[in-house]
Each structure stands twice: as C-alpha cells, then as structure tokens.
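Written below as structure tokens is the structure these notes are about.
The values are calculated or read from the model by the stated rules, or taken from the named source; none is laboratory data. No experiment lies behind these values; they were computed from the predicted model shown. Using ideal geometry, Cβ is built from the backbone for each residue, glycine included, and neighbour counts are taken over all protein chains shown.
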Amino acid sequence: MADKHLKDWKNELNICIRCAYCFEGCPVFKIAGWETDSARGKIILAYGILTGNLKPSQYIADKIFQCTYCRDCSERCSAKVSVVDVLAAARADLVEAGFASDTHKGMAKNVEETGNIFGDKEIKAPVQKGEIPVYIGCQYLARPNQTKMYLKILEKLGVKPLVKDEICCGYPLHALGFRKEFAEHKKKFLELFPEKEIVALCPTCAAFIHEDYKKNVKHITQFILEHLPEKNLGLKATYHDPCDLSRVMNITEEPREILKKLGIELVEMPRNRKTSHCCGGGGGILMSDVKLSDEIGIVRIKQAIETGAPLLITPCPTCEQVLKKAAAVVSEKGDGTIQVKNLSDIVWKALKT
Amino acid sequence: MKIDLEKLKEIVGADNIKNDIADLYIYGSDASVHKGLASVVVRPTTIEQVQAILRYANAELIPVIARGSGSGMSGQVVPIDSGIVMDLKKMNRIIEIRPEDMLCKVEPGVVDDELNRALKPYGLFYPPAPASSRVATIGGEIANNASGIRSVKYGATRDSVLGMKVVLANGDLVNLGSNTRVEASGYQLDRLMVGSEGTLGVIVEATLLLKPLPKFRCLAKASFNELKDAGESISEIIATGAQPSMLELMDNIAITAVNTTLKMGLPDVEAIVMFEADGKVKEAVDAEMKLMKEICEKHNGFGIEMSYDVAERTKLYAGRKKLFAALSRYQMGLSCTSLADDMAVPYSKMAECASKIHEIAKRNNVVMTAYGHCGSGCMHTKILMDPTKKEQWEGAKRAVEEVYDYVRSVGGTTSAEHGIGLSKAPAWKKEKADSLKMLKAIKKALDPNNILNPHKMQDAPEDWVTATELRYPVE
Ligand SMILES: Cc1cc2nc3c(=O)[nH]c(=O)nc-3n(C[C@H](O)[C@H](O)[C@H](O)COP(=O)(O)OP(=O)(O)OC[C@H]3O[C@@H](n4cnc5c(N)ncnc54)[C@H](O)[C@@H]3O)c2cc1C
Ligand code: SF4
Ligand code: SF4
C-alpha cells in the first residue's frame, strides 16, 4: 500500500487550502525556486500519492526528502497544516515502497547496530550517577568536549547530572521514514528512560522526546537560566534560533535571557525566534544533500553577518556545525566574517571567570 | 500535444524546464478546487525569453499559461488543454524606485510584501495589499486586479498601475500606459490588461504608483447584535464621506470559527465591524475615527475598542487575520473551499447579502460565512463542506449559483478581487451577457490563435464543477 501512513493524514491534506503562504520562508524553495520544492508542492505530491493520482517514484521521493523539517511552513500556514507530519508519513510510505536512499539506510543500520547515527562504537556517553537524568544525543556525543563542558556547567551550577549509557532518541529513524525500525527502537529507548522528566542537550532530541514520547523535557538552556549567576563578558553577538527549539519547543527567550545575564549585547537578525531561518542541517539533508544544506547555511550566515555582530551563538550542535562551515565559505569568498560558537562555550567561559 | 523540449531548452536553458509528472501535477493547481495537467513548465528570466517562448507557442498553437505564485482562487492558472506553464517567479527584480516621481518599476515575479519592504526606507508603499501579499506576485496581482483591506481608501491594483510592458501572443513587446499619473486619451490598454488573467498578454514589467506611508493609524472594533445594524453602519460611514483606510465585516460564523478553533475570545455577537483611519495628521485621524465611532453607536454598535498602538492594533485585528485558519478547522471533516469566494454589492445591500449567504448555505446543506472588505463593497465567503462527498458538490453548485443570482439581482458583480478563472465563469458570463461578444472580440483581436490561458473567463466551460477534475477525490 503506497498510502499506509499517509492515509492517517487525509483530513490534514484536505485542510490545506493551497494558499502558498508556505512559500514565504521555506529555505528549500528559496534556493531551488520551483514550486515542487516548496511545502505546498510537497503536500500536493503527498496528496497525489494518497489519491492514487501519482505513483511513487524516485523523483517524488527525492523531492519529499529535500526538506529540512524546519517547520517554517507550518508556522506561516493559514490552516496550520502539520506539513512535517504529513511528509514524515509520506517518507514512511516511500521507504516501504523501496525508495529509501542508501545514505539513509546506512544511518538506520548504524542506529540499530551501534545505538548512534554515526555507526561508531567508540561513541559512548560519559556514564555517571546523578540526580537529574540528562539526555545527550548522538550529535553531542560525537563532540565529547562539548558534552563534557555542558556536564561541567551543570555541576558548577549545583546540579548532579545522571548520564546513562544512552542510545539515539530515534528521531532520525522516524523522520526518515523507517517506521518498523523506529517502533523497535522506541521500546528500547523507553526502557532506558522510564523517567517522566528529562533534561536534553540537543534541541532536536528535546523536541522529539517531548512530542513523540510525551515526556516532560527541559532543554539545557531552560535549566541553565534557572541557575545561572550574572556575569559580564562584554561581548556583542547575534543569536540563531534552532528550528526545533523555537518552533517546536517554544523556547526563544531563555537563551536570550542567558546571553543578557552574561552581559552580551544581542543584535537580532530580522528573522528571529519563530520566524528564524533554518541553518540547513535538519530533516536528513545534511547526510543526503550536502550541497543544498550548504547553500541554506550560507543564506543564514549572510543574514548573521549583516547584523554587524562578530559572533553568532547557537545552542544546537548541528546548526553550529553547518553555520561554521558556511562562515568559512563566505569568509573565503571575501563576503564577510563571523565567528560561530556553541552556547556552551560562552556559558563555560563565563562560569570559569 | 507535441512540444519541442529542445527548442524550449534553447530558449531558457535546461535548468529552467520541468516536465516530470510530479512537477506537472503540482503546477496543475492553485488555491481553487480545480486541477489540470500542463505539458511542461518553463521559467524565463528575461523579456527576450518570454518573447521567444510566445513566438514558438503561437506558431505551434500551444497554450501558454502565465503563472505567478498560483494563489488564485478561481482556477485561473489551471491548465485545461495542457500546454506550457510559464512560471514568472524568477523575473523578480525591482528595477528602480523613483521617490521623486512616486513610482517604481518592477519585474512581474516580485512578491508584493518584498516590494513593500524595499519601499519602506523611502517612506513609501504600494497600496493594493491583498491578504495574500506575502506570496502574490505583482504580475498575478495586476492580472487579477487584486485589492485588499486598504482598498477602501487607496483603491485596487487598477488604481495603482501607471503602465507596463507586455509581451503579446505573437511575441511582440508593447509599452502600455506611461510614467505619469494621468493619461487622458485613447483606449486605456494598460488598464485593459489589469484583470485580464493572462488571457491577453504576459506582463513582463510594471510601473507602479506609490503612496507615502501614513504617520498615524488608528484601528477600532465594534460589536453588533444585529447584522443589519452592522451593514447600515458600513453604508452610512461611506455615505457620510468618512475616509476609512479599512472597513471590514465579520459575521457570526466567522466569529464562532475564530473563537472555537483559535480560542480568540471575540465577543459572541451577530457581527463585528472593524474600522481604521490613517494619515499624516493625528487630529485628522482622530476626527475620522470619532465620526465612524458615532455612526456605529447610532446603529447600536457597542463594546468599541480603539487603538493607535501597533501591538494593540495587531491584537484587535488578530481574529480577522486568522479567519482563514479558523475556517479551515471549523469542523472535523469539512474543508474550506474557495467557492463563491468573492463578490461586490452596493453598500446598502451588505447586510442583506450576508443574510442571503446564510440562507443559501442552510438550504444547500453547506456552511458559509460572510466577511470582507465591505468598505470597498467587497464581500467574501467560503464554502465549508466535505469535499469527498458528491452530494456536497451538488449543494455547493446550487449555492454558488444562488449567491450570484442574488448578487446580480441587486446590481452587484461576480468578482470584487479574486478573479473569474473557471469557478466564477458561469456566473460572470450571465452578468456580462450583453458584453460577451465584445469580450470575445477583444480576445480574438489580441490573441487570434487563442493560446493565452485559453478556456478561462468568457471562454470557460459552462459548468465549473466539470470544467476540470476536482482536486479532491470525490466518492
Ligand atoms: C489565502 C488567500 C487570500 C487571498 N486574499 C486576497 C485578497 O485579499 N485580495 C485579492 O485580490 N486576492 C486575494 N487572493 C487571491 C490571489 O492571491 C490574488 O489574486 C493574487 O493577485 C494572485 O497572485 P499570484 O502571483 O498567485 O497569481 P497566480 O495565481 O499565479 O495567477 C493569477 C492570474 O494571473 C495571471 N498572471 C500571473 N502572472 C502574470 C503575468 N506576469 N502576466 C499575465 N498574467 C499573469 C495568471 O495567468 C492567472 O490568470 C487570496 C488568495 C489566497 C489563497
Ligand atoms: S519544513 Fe522547512 S524545508 Fe520543509 S517544507 Fe516546511 S519550510 Fe520547507
Ligand atoms: S500554507 Fe498551509 S494551507 Fe497554505 S498551501 Fe502551504 S500547507 Fe497548504
């Protein structure tokens, strides 16, 4: 059945009034420019599959997978259509119809075999006993120094983090359409984390554990803010809202409050908070469509450079990675410079002084 | 239909052509209920490319459908006979802004909001402001004669276009209109293009009249227990010569939709009227607001809230702004379809028109609301129905016909701003019965081979339900 998952979203698809309001901020549409690349285009493709007007094809799969899951479309949508949920269902149907890319299949296998998306057995959580369960997530685990820094920040703020021998949150399996694998993985995850309350470091893991596992998730920025003393770093910076943090978790003010508490002068990009522009790192395209991801990253970093701030701060490891790369490209071309830092670096610097 | 893709590639380059079935399916629809299938989508970037495409299409008798963002609600860009869809969104340069002449020149793919963002530093704006301004292109707005909430004061697109460059069906480029505010004599060919829905030529550049941004803006919201009172307020506001910059109506269904789906907490009344004044001098704005408030009160308007503050105004307007979202989620299983979606009636008939819409909806077992930019005579509705049920389409068809029969009976018109396309064509043809020959003659003179967006407006099929396939799967 080409529409096994999509048919649950029939009503949502009928609700889309095809107004095109989702053209306005879609980072993929802005780069590619064809309606096929917009959220409305993808919704129409999903509808075509559901109604049997279109047969699943590699071309359709490519288009449905060319999405960063940034949810800018749903934010602007006149009918509040859950575009990402529809696309996730379409992806699941396409994967079951045999249209998963080798890169994505490899990633799913990695999660199954090693518990992390990289398939790296060496990537291990720094297990420690504590009071508050902290979920680190694959991206931070692959950056042990940053993980350590966050854990040290928590300790310095008087919190004892409990770190388990964790596995991937399962979001990539779900987002990339590997539903069967996800169902198995979900069981394992919930056995490992029976707790109702979790602190998560990565915005995407936080959003997924909150939305899909219905847990009471605090993002590390909320936690830090509650415990952070005032400091004066005397820096000037712009802040990049990770899509999952702003549009899914509604966390836009806490990171800004942290920066304020640290004496950082914040210069906003015109697209901030809920209308923030995606970095280009989400939805799987970082793995399967590096060129597109890079191009989106460059658009965002240019917006940051235009603020005149010498520094961009973000709490997301993926945004940080993509935007650092974009900053290097832009700087090499002589189109301006900006430093990109993870929020942990800034907070740690402040706490050390 | 045989289309020489190689020829088209020569003209626009391989990167600017799409013909996968998936692309054609997407480009076969807009915000209407219709769906069709083009043969190919091309994306020109220069006037010369538009000319070359049209020369080729005209020689080979291939239909060409100019397309902006495809936000039209009446099926204007839905292909009936397949053909070439010409996506003009890549021609999106703002060519020049001339504050000293209060005009700008733009390519057709410029999005309205983007133009207004560019104009803001000059203290200027381009007034038509349809609700869809965040996506609507200038070409699409001109071809539809779009208007919006501020048209009551600043007019529709037709009042804001000074001139344009148009590529005709045979590929010839013509300059219409001028750079001046007035152009007295001769057939106003630039104005003929406004509202022509891509059937007479492809607009490739437009010269637009700009207005200074007002310094003060005050918005108010008044509640009414009787729709009739709200209608009479609107009519009197206009008749006394007050100068609102916005005059909007929301009926009880619209209010209920906003309250139940978005928990907006609007007063549960029969109607809400929103009125706004703007200008350079605060005392003048105060005077307009006072006059409109008094008129509303005279007609039993109550609970009037008013503010100059941007945040307060946003709050006051939020219910109206989010109405479409609310209607889309009015009731599980119902979809919000763009049918009988706009019309214009004389001011004195506003309230009656709204009541008629309610009666007609009830009789035909669909849900219909009444709201709109009533200050400019414009009334909107939407038909909320289960689009998968055949009998709902039968009801919708009757409802559309009855609405427009009423509109004609009071001297109103089929479209205030959303165009004719396919779904409003049968009603429009009845309205224009005595000028149909003229309309067809004009089309024939400018597009003898009938390649430009054929089978639309006066040439559209008699039954909009079967004009194309419906985009919903009807059981
Ligand atoms: C939610 C919503 C709200 C809306 N609100 C309003 C409103 O308040 N007021 C209003 O007036 N409309 C409104 N509309 C309707 C629509 O957005 C407007 O008519 C708009 O002007 C269409 O612009 P577009 O770029 O999407 O044009 P399209 O839909 O792509 O095209 C519309 C017509 O213009 C023709 N066309 C496009 N470009 C050219 C060109 N360069 N040369 C010749 N012909 C061309 C097409 O062939 C077609 O006939 C609304 C639509 C939606 C979905
Ligand atoms: S989630 Fe983001 S990238 Fe995907 S369609 Fe929506 S706006 Fe575009
Ligand atoms: S904004 Fe929402 S309703 Fe409009 S076309 Fe996009 S998904 Fe559909």
* To do: Quick one: count up the residues across the stretch A:86-122 that are modelled with pLDDT of 95 or more and of a type in the set (Phe, Trp, Tyr).
  => 1
* Asked: Going by the structure shown, is A:ASP93 crowded, with 19+ Cβ neighbours inside 10 Å, charged (D, E, K, R), farther than 22 Å from A:VAL290 by Cα and in contact (Cβ under 8 Å) with a residue 40 or more places away in the chain?
  -> yes
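Checking the conditions here, which among A:LYS55, A:LYS30, A:LYS63, A:LYS80 is surrounded by fewer than 17 Cβ atoms within 10 Å (Cβ to Cβ) and outside the structural domain of A:ILE298 (by TED's automatic domain parsing)?
Values: A:LYS30 fails: surrounded by fewer than 17 Cβ atoms within 10 Å (Cβ to Cβ); A:LYS63 fails: surrounded by fewer than 17 Cβ atoms within 10 Å (Cβ to Cβ); A:LYS80 fails: surrounded by fewer than 17 Cβ atoms within 10 Å (Cβ to Cβ).
Unique residue meeting the criteria: A:LYS55.
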* Restricting to the stretch A:60-86, what's the tally of residues that are assigned to a helix (DSSP H, G or I), facing chain B (nearest Cβ under 8 Å) and more than 17 Å from A:GLY284 (Cα to Cα)? -> 1
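Results for (1) touching an Asp or Glu at 6+ places or on another chain (Cβ under 9 Å); (2) hydroxyl-bearing (Ser, Thr, Tyr); (3) not assigned by TED's automatic domain parsing to the domain that holds B:VAL152, shown as yes or no for each residue.
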residue: B:GLU205; (1), (2), (3): yes, no, no
residue: B:LEU208; (1), (2), (3): no, no, no
residue: B:LEU219; (1), (2), (3): yes, no, yes
residue: B:ALA230; (1), (2), (3): yes, no, yes
residue: B:ALA239; (1), (2), (3): no, no, yes
residue: B:ALA257; (1), (2), (3): no, no, yes
residue: B:LYS282; (1), (2), (3): no, no, yes
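Would a scan of the stretch B:372-386 turn up a residue that is closer than 24 Å to B:LEU323 by Cα and in contact with a Pro (Cβ under 6 Å, 6 or more places away or on another chain)?
Yes, the stretch B:372-386 contains a residue that is closer than 24 Å to B:LEU323 by Cα and in contact with a Pro (Cβ under 6 Å, 6 or more places away or on another chain).
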* Answer yes or no: is there a residue in the stretch B:73-80 that is more than 20 Å from B:LYS2 (Cα to Cα), within 16 Å of ligand 2 (Cβ to nearest atom) and surrounded by 19 or more Cβ atoms within 10 Å (Cβ to Cβ). => no
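Go through the stretch A:174-208 and give me each residue that's crowded, with 16+ Cβ neighbours inside 10 Å and more than 17 Å from A:CYS70 (Cα to Cα). Let's see the steps before the verdict.
Residues of the stretch A:174-208 that are crowded, with 16+ Cβ neighbours inside 10 Å, as a first pass: A:174-179, A:181-182, A:185-186, A:189, A:193, A:198-208.
Correct list: A:PHE178, A:ARG179, A:GLU181, A:PHE182, A:HIS185, A:LYS186, A:PHE189, A:PHE193, A:ILE198, A:VAL199, A:ALA200, A:LEU201.
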* Asked: Which members of the stretch A:242-267 meet the condition of being closer than 21 Å to A:LYS325 by Cα and without any contact (Cβ under 8 Å) to a residue 40 or more places away in the chain?
  -> none
* To do: Inspect all residues belonging to the stretch B:159-174 and state whether any of them is without any contact (Cβ under 8 Å) to a residue 24 or more places away in the chain, in contact with a Phe, Trp or Tyr (Cβ under 8 Å, 6 or more places away or on another chain) and either among the polar types (S, T, N, Q) or within 16 Å of ligand 2 (Cβ to nearest atom) (or both).
  => no
* So A:TYR47 fits all but one of (1) more than 9 Å from chain B (Cβ to nearest Cβ); (2) buried (at least 23 other Cβ atoms within 10 Å of the Cβ); what number is the exception? -> (1)
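Give the stretch B:273-319 a look and list any residue that's under 19 Å from B:MET350 (Cα atoms) and surrounded by fewer than 13 Cβ atoms within 10 Å (Cβ to Cβ), or say none. Please lay out each step first, then the result.
Quick first cut of the stretch B:273-319, residues under 19 Å from B:MET350 (Cα atoms) only: B:273-276, B:292-293, B:295-301.
Residue satisfying the conditions is B:LYS298 alone.
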* Structure fact -> The number of residues in the stretch A:326-353 that are of a type in the set (Ser, Thr, Tyr) and under 24 Å from A:ILE298 (Cβ atoms) is 2
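Would you check if there is a residue in the stretch A:51-60 being near ligand 2 (Cβ under 9 Å from one of its atoms) and not small (Gly, Ala, Ser)? Show your work before the answer.
Keep residues of the stretch A:51-60 that are near ligand 2 (Cβ under 9 Å from one of its atoms), which gives none.
No, the conditions are met nowhere in the stretch A:51-60.
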* Structure fact -> The residue that is farthest from the other protein chains (Cβ to nearest Cβ), considering only those in the stretch B:330-350 that are touching a residue at least 60 places away in the same chain (Cβ under 8 Å) and over 22 Å from the mean Cα position of the chain (by Cα), is B:SER348
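Results for (1) within 14 Å of ligand 1 (Cβ to nearest atom); (2) away from chain A (no Cβ under 13 Å); (3) at pLDDT 95 or above, shown as yes or no for each residue.
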{"site": "B:ILE21", "(1), (2), (3)": "no, no, yes"}
{"site": "B:THR45", "(1), (2), (3)": "yes, no, yes"}
{"site": "B:ARG55", "(1), (2), (3)": "no, yes, yes"}
{"site": "B:VAL64", "(1), (2), (3)": "yes, yes, yes"}
{"site": "B:SER69", "(1), (2), (3)": "yes, no, yes"}
{"site": "B:ILE97", "(1), (2), (3)": "no, yes, yes"}
{"site": "B:CYS104", "(1), (2), (3)": "no, yes, yes"}
{"site": "B:GLU107", "(1), (2), (3)": "yes, yes, yes"}
* Asked: Is it the case that the stretch A:8-27 has a residue that's more than 14 Å from every other protein chain (Cβ to nearest Cβ) and within 25 Å of B:GLY140 (Cβ to Cβ)?
  -> yes
* Structure fact -> Out of (1) within 14 Å of chain A (Cβ to nearest Cβ); (2) under 25 Å from A:PRO56 (Cα atoms); (3) not hydroxyl-bearing (Ser, Thr, Tyr), the one B:LYS89 does not meet is (2)
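Checking the condition farther than 28 Å from A:ASP165 by Cβ and within 16 Å of ligand 1 (Cβ to nearest atom), which residue from A:ALA97, A:ALA90, A:ALA79 passes? Break it down stepwise before answering.
On the way: A:ALA97 fails: within 16 Å of ligand 1 (Cβ to nearest atom); A:ALA90 fails: within 16 Å of ligand 1 (Cβ to nearest atom).
Every option except A:ALA79 fails the conditions.
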* Structure fact -> B:PRO130 vs (1) more than 17 Å from B:CYS104 (Cα to Cα); (2) away from every other protein chain (no Cβ under 14 Å); (3) touching a residue at least 24 places away in the same chain (Cβ under 8 Å): all pass except (2)
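When you check B:GLY265 against the structure, is it surrounded by fewer than 23 Cβ atoms within 10 Å (Cβ to Cβ), in contact with a Phe, Trp or Tyr (Cβ under 8 Å, 6 or more places away or on another chain) and small (Gly, Ala, Ser), yes or no? Please lay out each step first, then the result.
Working: surrounded by fewer than 23 Cβ atoms within 10 Å (Cβ to Cβ): yes; in contact with a Phe, Trp or Tyr (Cβ under 8 Å, 6 or more places away or on another chain): no; small (Gly, Ala, Ser): yes.
No.
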* Among the candidates A:CYS77, A:CYS70, which residue alone is touching a Lys or Arg at 6+ places or on another chain (Cβ under 8 Å) and within 11 Å of ligand 2 (Cβ to nearest atom)? -> A:CYS70
